[in-house]
Amino acid sequence: MRLGTILSFVFALAGIAVLVKIVLPPTNAEPLRILSSAQCLDCHAGVAEEWQASHHKFAYENPEVRKLSNDFANQECIACHAPRPVLNFEPGERVLARQSERGLGVDCLACHAHPEGGVGTSNPNAKSDAPCRPRKVERMASVEHCASCHNQHKTVEQWRAAPEELKGDNCLHCHMPETWREGGRKGRDHSFKASHDLPSLQSAVTMNAAWDQNGAWVSLSNQGAGHNFPTDERSRAADLQVRWKDAQGEWSLWERVHRFRDPYRDETDLTNTQLPSGETQRFELTATDGAEEAEVRLLYRLNPYLEDALASELFRMSLRK
């Protein structure tokens, strides 16, 4: 009986050893000369799958970006849509564009390639003897690492000005939350959920509206984002809209109450109307004659000229007099 128990224990240990060997990257391996992000995919399949679904991966091929940049005739856009490794530059310093594999967009090497070889990571338990020779780099968990590209439209400056309770730990707090992958390995989500993710947008702001004794009104509160709403690309716009129902039950057309947006540099007749972190703006609504009912909604546009049907509806509320 004792011998059977011992043998069972030995076989169990052997099974665990085999499982560890399968799940974890090999250790004490020869250093890997990293020439392309494609080399990362074999060992980091879970991360790669997340990245493949992200707009970092899509950054250079995105037709929206190509249209707004005149197919990158505006070459200053390339630096952030196909950047050289960020760690080659000072913290927060603007990056330069790379010349090869631009179709990979913001790839693994853009964020992780280390100037001294191997890769950088924010993981404090990096296995330094893995083939890619990872090493912990403090700035990779800081806003400065993201600022090289994402402060071109002042998002990081907005974060610095945000209320402390809305800042979180850093950019990773919201945009790269912790996740568990196959084999029980913990890491950061590399799908970078943001303006193309409806739940992320809905978590950034709160809309309230009512029709009380003083009339109808709608408000928007930025109590969920550590930066302005909307932020980053100047093409983003969020519109509060209202429509009224008359005595015959007919709805009017939607009309804009307010637009939240940072205009392009050449739109000198417009002002920045983004909603800063921690702030609330309220708007009084003027009812049409005979109206007893209204609807208000918030539309999010990836392009300010995008028609309503192609915009994302974040919220809709009904009001009754």
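I need the full set of residues from the stretch 218-269 which are part of a loop (DSSP other than H, G, I, E, B), free of Cβ contacts under 8 Å to residues at least 40 places away in the same chain and farther than 23 Å from S69 by Cα, in order please. Answer for the stretch 218-269, where residues must be part of a loop (DSSP other than H, G, I, E, B), free of Cβ contacts under 8 Å to residues at least 40 places away in the same chain and farther than 23 Å from S69 by Cα: Q248, G249, E250, S252, L253.
Can you confirm whether P230 is within 22 Å of N62 (Cβ to Cβ) and not assigned by TED's automatic domain parsing to the domain that holds Q152?
In short, yes.
Could you list, in sequence order, all residues of the stretch 243-261 that are of a type in the set (D, E, K, R) and touching a Leu at 6+ places or on another chain (Cβ under 9 Å)? Within the stretch 243-261, R243, R256, R259, R261 meet the criteria. Residues in the stretch 188-207 that are touching an Asp or Glu at 6+ places or on another chain (Cβ under 8 Å), of a type in the set (S, T, N, Q) and farther than 18 Å from D239 by Cβ: S191 alone.
Set side by side, the residues C40, C80 differ, and just one is among the hydrophobic types (A, V, I, L, M, F, W, C), in the same structural domain as T179 (by TED's automatic domain parsing) and closer than 26 Å to R234 by Cα, which is C80.
May I ask you to verify whether P263 is under 23 Å from C77 (Cβ atoms) and either surrounded by fewer than 17 Cβ atoms within 10 Å (Cβ to Cβ) or at pLDDT below 95 (or both)?
Numbers: under 23 Å from C77 (Cβ atoms): yes; either surrounded by fewer than 17 Cβ atoms within 10 Å (Cβ to Cβ) or at pLDDT below 95 (or both): yes.
So P263 passes the test.
Taking Q152 as the residue in question, decide whether it is of a type outside the set (D, E), assigned by TED's automatic domain parsing to the domain that holds A45, at pLDDT below 95 and more than 21 Å from V47 (Cβ to Cβ). Spell out the reasoning first.
Values: of a type outside the set (D, E): yes; assigned by TED's automatic domain parsing to the domain that holds A45: yes; at pLDDT below 95: yes; more than 21 Å from V47 (Cβ to Cβ): yes.
In short, yes.
Those strands (runs of 3 or more DSSP E) of the stretch 84-195 in which 1 or more residues are surrounded by fewer than 18 Cβ atoms within 10 Å (Cβ to Cβ), at negative phi and under 20 Å from the mean Cα position of the chain (by Cα) occupy 178-181, 185-188.
Of all residues in the stretch 293-307, those satisfying the criterion of being in contact (Cβ under 8 Å) with a residue 12 or more places away in the chain and either in a strand (DSSP E or B) or loosely packed, with under 14 Cβ neighbours inside 10 Å (or both) are E293, A294, E295, V296, R297, L298, L299, Y300, R301.
Filtering E255, E267 for residues that are over 18 Å from E313 (Cβ atoms) and of a type outside the set (K, R) leaves a single hit, E267.
Within the stretch 270-292, the residues that satisfy the criterion of being closer than 22 Å to N222 by Cα and in contact (Cβ under 8 Å) with a residue 24 or more places away in the chain are Q274, L275, P276, S277, G278, E279, T280, Q281, R282, F283, E284, L285.
The values are calculated or read from the model by the stated rules, or taken from the named source; none is laboratory data. Everything numeric here is computed off the predicted structure, so don't read it as measured data. Counting neighbours? That spans all protein chains shown, and the Cβs are built from the backbone with ideal geometry, glycine included.
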